[in-house]
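Trainee: Handing you this structure, nothing more for now.
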Amino acid sequence: MIEVDHGEFADPWRGPKPMTEAPWIHETALVKHSRMGAWTAVGERCELISSDMLDYSYLVKDVEVFNAEVGKFANVASHVRINPTNHPMWRASLHHFTYRSVSHFLADDNDEEITSWRKQYRTVIGPDVWIGHGAIIMPGVSVGTGAIIGSGAVVTKDVADYTIVVGNPGRVIRRRVSEDVEAALKRIAWWDWDREQLKAAVSDFRRLDVAAFAAKYDNRYLV
């Protein structure tokens, strides 16, 4: 993981994803106070603020991420919002002039209480998660390993591993895999493999369904 504060790589993201071992950031994206792992990519007009993106994860375009951990091999479609900031409902006003007072020329300092409060609610996205177009993952929510979030879903509660969530508010419609396959995939933990292991297994990722893959790579799993 390396510290990133601006887009060093300005090639337009068109056609095949321009993944490089160093983080790739589109020239129109904003990345501040964040860390990015190897083979990660941040697309057009995305914002990644105070967050960690782990290896191989990517944001397509028009994605906003704040105070979050985006796990390895996460697939984040366009117009997704991860951890939209809440407003202080207990105050007389919801408006940010009460805490971003300097920008409104109403005080000589800002109120760090709200900043600290927001940082308490970190959103965590597990490995191999797919978040569909326009989904919203609310503050403090955890999305489990291998889960799928449907397009347009609003996720207000934690999402279990290998489940599929859709709708507003988000609800589980079914499991993605059986419990036995889930247990096998977690033992295999392919998302932690090195590049040589991934290269050697590419043909199996392509040709085997998830149950067959689990059976091949986990000798404790029985089909």
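The values are calculated or read from the model by the stated rules, or taken from the named source; none is laboratory data. In this text the structure is predicted, and so the values were computed from the model without any measurement. Here the Cβ positions follow ideal geometry from the backbone for every residue, glycine too, while neighbour counts run over all protein chains shown. Accessible surface is based on the protein model in full, side chains and every heavy atom, while ligands, DNA and RNA are left aside. Shrake-Rupley method; radii C 1.70, N 1.55, O 1.52, S 1.80 Å.
Trainee: Which of 72/199; 119/157; 32/61; 119/186; 186/216; 32/119 have a Cα-Cα distance over 20 Å?
Mentor: 119/186
Trainee: Then there is this: Leaving out ligands and nucleic acids, and using a 1.4 Å probe, what accessible area per residue does the stretch 40-116 come to in Å²?
Mentor: Here the residues of the stretch 40-116 average 48 Å² of exposed surface.
Trainee: Quick check on the chain: of the DSSP beta bridges with both residues there, what percent are antiparallel, nearest 5%?
Mentor: For the chain, the DSSP antiparallel bridge percentage is about 15.
Trainee: Are there trypsin sites (Lys or Arg not before Pro) in the stretch 127-203 that DSSP puts in a loop and that have at most 14 other Cβ atoms within 10 Å, and which ones?
Mentor: Qualifying residues, ordered by number: 157.
Trainee: How do 191, 39, 24, 90 stack up against each other in accessible area, from largest to smallest, with a 1.4 angstrom probe?
Mentor: In descending accessible area the options line up as 90, 39, 191, 24.
Trainee: Moving to a separate point now. Say we join alpha carbon atoms closer than 10 Å with springs in a Gaussian network model of the chain; which of 98, 145, 156 then has the biggest fluctuation?
Mentor: Between 98, 145, 156, it is 98 that shows the largest mean-square fluctuation.
Trainee: Using a 1.4 Å probe on the protein heavy atoms, what percent of the accessible area of the chain belongs to carbon and sulfur?
Mentor: So the carbon and sulfur contribution to the accessible surface is 52 percent.
Trainee: Decide, for the stretch 112-196, between rounded, prolate and oblate: order the square roots of the alpha carbon gyration tensor eigenvalues as a ≥ b ≥ c, take rounded if a/c falls under 1.5, and otherwise choose prolate if a/b is larger than b/c, else oblate.
Mentor: oblate
Trainee: At 222 nm, what helix-only mean residue ellipticity would the chain give, in deg cm²/dmol to the nearest 500, using -39500 (n - 2.57) for each DSSP H run of four or more?
Mentor: After summing the helix terms and dividing by residue count, I get -5000 deg cm²/dmol.
Trainee: Enter the accessible area per residue of the stretch 143-223 (Å², integer; probe 1.4 Å; all protein chains in place).
Mentor: Accessible area per residue: 59 Å².
Trainee: Report, as a whole number in µm² per second, the diffusion coefficient that Stokes-Einstein gives for the chain at 20 °C and 1.002 mPa s using the Kirkwood radius over alpha carbon pairs.
Mentor: 114 µm²/s
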